[in-house]
Amino acid sequence: MSSFPTVRPRRLRMSGALRRAVAETRLHPSQFVLPVFVVPGEGVRNPIESMPGHAQLSVDQAAILAKEAEAAGIGSIIFFGIPEYKDEVGSSAWDPTGPVPRAIEAVATAAPELVRWADVCLCEYTSHGHCGPLAGEIVDNDSALPLLAQAAVVYAEAGADVVAPSDMMDGRVGVIRAALDEKGRNDTVICSYAVKYASGYYGPFREAAGSVPSFGDRRSHQMDPPNVREAIREAQLDVAEGADLVMVKPAGPYLDVVRAVRERVEVPVAAYQVSGEFAMIEAAAGRGWIDRDRVMLESLTGIVRAGAGIVLTYFALDAARLLEHAE
Ligand code: PBG
Ligand code: ZN
């Protein structure tokens, strides 16, 4: 077996062109999904303090951002809604005049090349901030299911290409699939947040989306961080119920999970680089401690190298623009 000095791995690293030629992982803007928070009103841009560059946007402003995303070659956009009213069951989630359906309609016209995703959960819409109606202190799984399905149908009818249930109720993918099909929405894609951990990394999101639980936490439905075999089980169950795509979330601290799911299911795998991952990079870069652009691309490369073909990321726009100029 030949070795040094005949073999010198450094040879393939000597120029940018060589490195690009042998790169095993490539990022492309078409993989990115840009998360957007939509609020009622017009001309509204409320900056989100913990997420530099991001703001709660009214529908007209979201449409402007969608055009920029489309021009940068980004593949998809996903909407989260901040509603006009909240109640015990989260009924504003399935209001066809709510922020998410209206944003989807606006983007269908403003940026028709984008794949339109709608997050499906009730925590932005319930008065208590939990992901469904409560039975005592925890979410009542079975009574949440028809409500989630109703919301998914409303988003599909507004023109969502993908509905993405993030609630982690058991059985919701099957119930949503049946409800969509009953309305003739056979072609609406379901991307299940199949593997969503009860994570401290969601902090900035909950400020942005106004979905901080008024008491307790989400540990009775979201996954426990130590588990990876359970992640495969969750993903396989959702595929069996009809999920077209499965998601792992958060991404960076769970790359082993991304890899494990990739190896054990055949559907495309998405990963969500969540708000806390984004905020940590921004915060360190803001202090000059790390090079923002380098770490941004490195963090995304790691997620794709682990096995995610689709990445939801708050860096979508900046990363897409950087990749464009790198060519
Ligand atoms: C709603 C939802 C959450 C995120 C996406 N959908 C928050 C949560 O579960 O509390 C988190 C995304 C992020 O942190 O960027 N269920
Ligand atoms: Zn939720």
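The values are calculated or read from the model by the stated rules, or taken from the named source; none is laboratory data. Owing to the predicted nature of the structure, the values given are computational and were not obtained by experimental measurement. No Cβ is skipped: glycine too gets one built from the backbone with ideal geometry, and neighbour counts run over all protein chains shown. In case anyone asks, the SASA skips ligands and DNA or RNA and just uses the protein heavy atoms, side chains included. Shrake-Rupley method; radii C 1.70, N 1.55, O 1.52, S 1.80 Å.
Over the chain, dividing the summed -39,500 (n - 2.57) contributions of all DSSP H runs of at least 4 residues by the number of residues returns a 222 nm mean residue ellipticity of -12000 deg cm²/dmol.
Using a cutoff of 8 angstrom between alpha carbon atoms and counting only pairs six or more residues apart, the relative contact order for the range 27-326 works out to 18 percent. In this label model, residue 187 and residue 170 are separated by 3.6 nm, measuring between points 7 Å along each Cα→Cβ vector. Over all directions, the projected convex hull of the C-alpha atoms in the range 7-54 averages 6.5 nm² in area. Electrostatic tally near residue 13: other residues with Cβ closer than 15 Å to its Cβ, Lys and Arg +1, Asp and Glu -1, net +4. Each part reduced to its alpha carbon centroid, the range 94-136 and the range 273-291 end up 27 Å apart. One equal scatterer on each Cα of the range 27-326, no solvent, Debye formula: the resulting log10 I(q)/I(0) at q = 0.08 Å⁻¹ is -0.30. Comparing mean-square fluctuations of 96, 226, 47 from a GNM of the chain with C-alpha springs under 10 Å, the top value falls on 226. Each part gets one Cα centre, and for the range 304-327 versus the range 231-247 those centres are 24 Å apart. Along the chain, the longest continuous region that contains none of the chymotrypsin sites (Phe, Trp or Tyr not before Pro) in a DSSP loop with at most 14 other C-beta atoms within 10 Å is 86-214.
Shown in residue order for the range 121-137 are the 3J(HN,Hα) couplings computed by the Karplus curve 6.51 cos²θ - 1.76 cosθ + 1.60 at θ = phi - 60°: 7, 10, 5, 6, 10, 8, 5, 9, x, 8, 7, x, x, 8, 10, x, 9 Hz (x for Gly and Pro).
Rounded to a whole number, what % of the accessible area of the range 27-326 do carbon and sulfur atoms account for, probe 1.4 Å? Walk me through the numbers before you get to the answer.
Working: 6010 of 11830 Å².
Carbon and sulfur: 51 percent of the exposed surface of the range 27-326.
Calculated on the alpha-carbon coordinates, the convex hull of the range 251-317 measures out at 72 cubic angstrom per residue. Translational diffusion of the range 198-327 was estimated from the Stokes-Einstein equation, with Rh taken as the Kirkwood radius over Cα pairs; at 20 °C and 1.002 mPa s the coefficient is 135 µm²/s.
With a simple spin-label model that places each label point 7 Å from the Cα along the Cα-to-Cβ direction, the separation between residue 236 and residue 68 comes to 4.4 nm. The solvent-accessible area of residue 45, taken with every protein chain present and a 1.4 Å probe, is close to 130 Å². For residue 120, the residues whose modelled amide H falls within less than 5 Å of its own, excluding neighbours fewer than 5 places apart on the same chain, are 164, 166. Remark: the range 77-92, residue by residue, has Karplus-estimated 3J(HN,Hα) of 9, 10, 9, 10, x, 10, x, 6, 9, 10, 9, 4, 9, x, 5, 5 Hz, where x stands for each Gly or Pro and the curve is 6.51 cos²θ - 1.76 cosθ + 1.60 at θ = phi - 60°. In this structure the amide hydrogen of residue 194, modeled in the peptide plane, comes within under 5 Å of the amide hydrogens of 247, none closer than 5 places in sequence on its chain.
Sequence-ordered 3J(HN,Hα) estimates for the range 39-51 from the Karplus curve with 6.51, -1.76 and 1.60 and θ = phi - 60° stand at 10, x, x, 9, x, 8, 9, 9, x, 9, 4, 7, 10 Hz, glycine and proline given as x.
Heavy-atom accessible surface of the chain, averaged per residue, reaches 45 Å², computed with a 1.4 Å probe.
So how do 116, 264 rank on accessible area, 1.4 Å probe, biggest first, that is with the largest at the start? All intermediate terms of the calculation are to be shown ahead of the outcome.
Working: 116 30, 264 130 Å².
So, going from the largest accessible area down, we get 264, 116.
By the equivalent-ellipsoid construction on the alpha carbon gyration tensor, the range 40-158 comes out with semi-axes of 27, 16, 12 Å, ordered largest to smallest.
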